[in-house]
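Here is the structure we will look at.
The values are calculated or read from the model by the stated rules, or taken from the named source; none is laboratory data. If you're wondering where the values come from, they're calculated on a predicted model, not measured in any experiment. Here the Cβ is made from the backbone with ideal geometry for all residues, glycine too, and neighbour counts use every protein chain on show. Keep in mind that these areas ignore ligands, DNA and RNA; they rest on the heavy atoms of the full protein, side chains included. Shrake-Rupley method; radii C 1.70, N 1.55, O 1.52, S 1.80 Å.
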Amino acid sequence: MRWRRRSLYVAAQFRHHRWRLSTRARQAIATVLILLVLFLLWPYWTLWCLNETSMSGNPNDLIDLVDFATVRDQIRRRLNKDSRSYVGTVSDAFVQWLEQSLRHNKSDVLEQVNAHWLHDLLRNAVPNKQGFLSAVSFAGFDLPYGFLIQIERGHASRISLLLQPHPIAWRVVAVYY
């Protein structure tokens, strides 16, 4: 009975005790929370920039938003069944595009994966030419890989873009459909 009274007393004291943080601690916590929110919103800003760039007439504007060497490497890794790749399940249309490119161009097919190719792919994703934002079916974090964007193309397969953080921006590192 005595221990019960003692534990009730301790619980009552704990409830009435106010935790006080110093001003510096509150500022540090606020700063960390603001940085976390900005980090979580950053890829959505990149998505908006990708949409604006795809509507512009200059495909070279995509160069700052896309790491084309990594995109080519991820497609190359996907074609090699022994390597791991960020590229998920590809559609028949993607495989047919690769086959046609191999038949017509005996050289490196993946060199066609450039700013013009991606600009055309994103620009033609939706027929209304108002940008692809209205066709985005998913845009969110796909941990541990990065930030995944999926764009629906009506009856055609969806376009998937994977973004990863780089030192100064989020950049597209994988494109497949």
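Once the chain from Ile168 to Leu40 is taken as fully extended at 0.36 nm per residue, the excess over their C-alpha distance is 44.6 nm. Within 13 Å, Cβ to Cβ, of Ile151, how many net charges do the neighbouring residues add up to if Lys/Arg are +1 and Asp/Glu are -1? For residues surrounding Ile151, the net value is +2. Shape class of segment 104-177 from the Cα gyration tensor (axes a ≥ b ≥ c, square roots of the eigenvalues): oblate, since a/c reaches 1.5 or more and a/b does not exceed b/c. According to the square roots a ≥ b ≥ c of the eigenvalues of the Cα gyration tensor, what is the shape class of segment 23-176, taking rounded for a/c under 1.5, prolate for a/b larger than b/c otherwise, and oblate for the remainder? Prolate. On the basis of the beta-carbon distance and an R0 of 30 Å, Leu79 and Ser137 show a calculated FRET efficiency of 0.70. Between Ala93 and Asn124, the modelled label-to-label distance comes to 0.9 nm, taking each label 7 Å out from Cα in the direction of the beta carbon. Computed packing ranks the peptides 29-35, 115-121 as 115-121, 29-35, most packed first, by mean other Cβ atoms within 10 Å.
The accessible surface of segment 135-177, taken with every protein chain in place and a 1.4 Å probe, is 58 percent carbon and sulfur.
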